[in-house]
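Beneath this line is the structure, given in structure tokens, with notes to follow.
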Amino acid sequence: MINKVFNNKKNIIYIRIFNIILFLFLINAKYISLAEESEKNTESPKKIRDAYSLENPYETICTHLSFLEKDNYRPYVSARAFMHEGVSIRDAKSYAIKLKEIYANEGIYINIDSVPQASDYQDPVEKYNKYRVTHIIPEIYLVKVGNKWLYSRETIHNIHRLYILNNNIKKRLINFMIFNYLHIIIVLYFTDKIIREFF
């Protein structure tokens, strides 16, 4: 009878430990699925094109995003959306890749159909050739330079800061998950020792 009671207590402890592990696993799986979903949402329409255009906000955003897709990966073309005077192609490629990652990490979905296709588009408030890509990060916007629409110099200056900030958040989340798993292992170890010693 006593053995049965002890065995029941053991079973209850094991069930609780299993439930905790399952709960943490489900949280981790949910986080991964949300990250994947946000990355899918930042993908532009699947277009394989040999030519690119920067003649309006729509074409510039298409150039930036569509040439970074897996089936059309040409970062040196995507970089054209950042090519201000004095910006090297190498730096422009880095800006293009990092900005797409920022969009993904922030869960920013760009509804490409709502982006203006007029080459003379003006911001309705500021009354000049400017297009704000997203209200979530107002520092990211396009401006008209000559006859091209490019990501602004302010956007370029902010990309590095935003990228580092996003990476720090990701590292904290990963560290938090690692800490949780280590905590579970320690709890399991000591729980097992207690059960063996007292039961």
task = Have a look at L68, N158, I112 and report the one farthest towards the positive end of the charge dipole of region 45-167, computed about the Cα centre with Cβ charges (Lys/Arg +1, Asp/Glu -1).
result = L68
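Using the count of nearby Cβ atoms within 10 Å as a rough guide to exposure, how do E106, E154 rank from fewest to most? Mind dumping the intermediate values first?
Values: E106 18, E154 13.
Ordered from fewest to most neighbouring Cβ atoms within 10 Å, E106, E154 come out as E154, E106.
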note = Fewest to most Cβ atoms within 10 Å: H160, H64, H135 sort as H135, H160, H64
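What is the order of E126, E101, fewest Cβ neighbours within 10 Å to most?
E126, E101
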Whether region 45-167 is rounded, prolate or oblate, judged on the alpha carbon gyration tensor where a/c under 1.5 counts as rounded = rounded
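Need the full-extension length gain, K127 to I89, defined as separation in residues times 0.36 nm minus the C-alpha distance. One decimal, nm. Present the calculation step by step, with values, prior to reporting the outcome.
On the way: separation 38, 0.36 × 38 = 13.68 nm, distance 3.07 nm.
Net length gain for the segment: 10.6 nm.
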ask   = On full extension of the chain, what length is gained from H160 through E139, given 0.36 nm per residue of separation minus the C-alpha to C-alpha distance?
value = 6.3 nm
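Once you have the Cα-Cα distance between I184 and Y73, take 0.36 nm times their residue separation minus that, and quote the gain in nm to one decimal. Each step should come with its number before you reach the end.
Details: separation 111, 0.36 × 111 = 39.96 nm, distance 4.17 nm.
Gain on extension, I184 to Y73, equals 35.8 nm.
Every number in this text was worked out from the coordinates using simple rules, so none of it is lab data. For clarity, every value in this text was computed on a predicted model and none was experimentally measured. Reconstructed Cβ throughout: ideal geometry from the backbone, glycine too, with neighbour counts over all protein chains shown.
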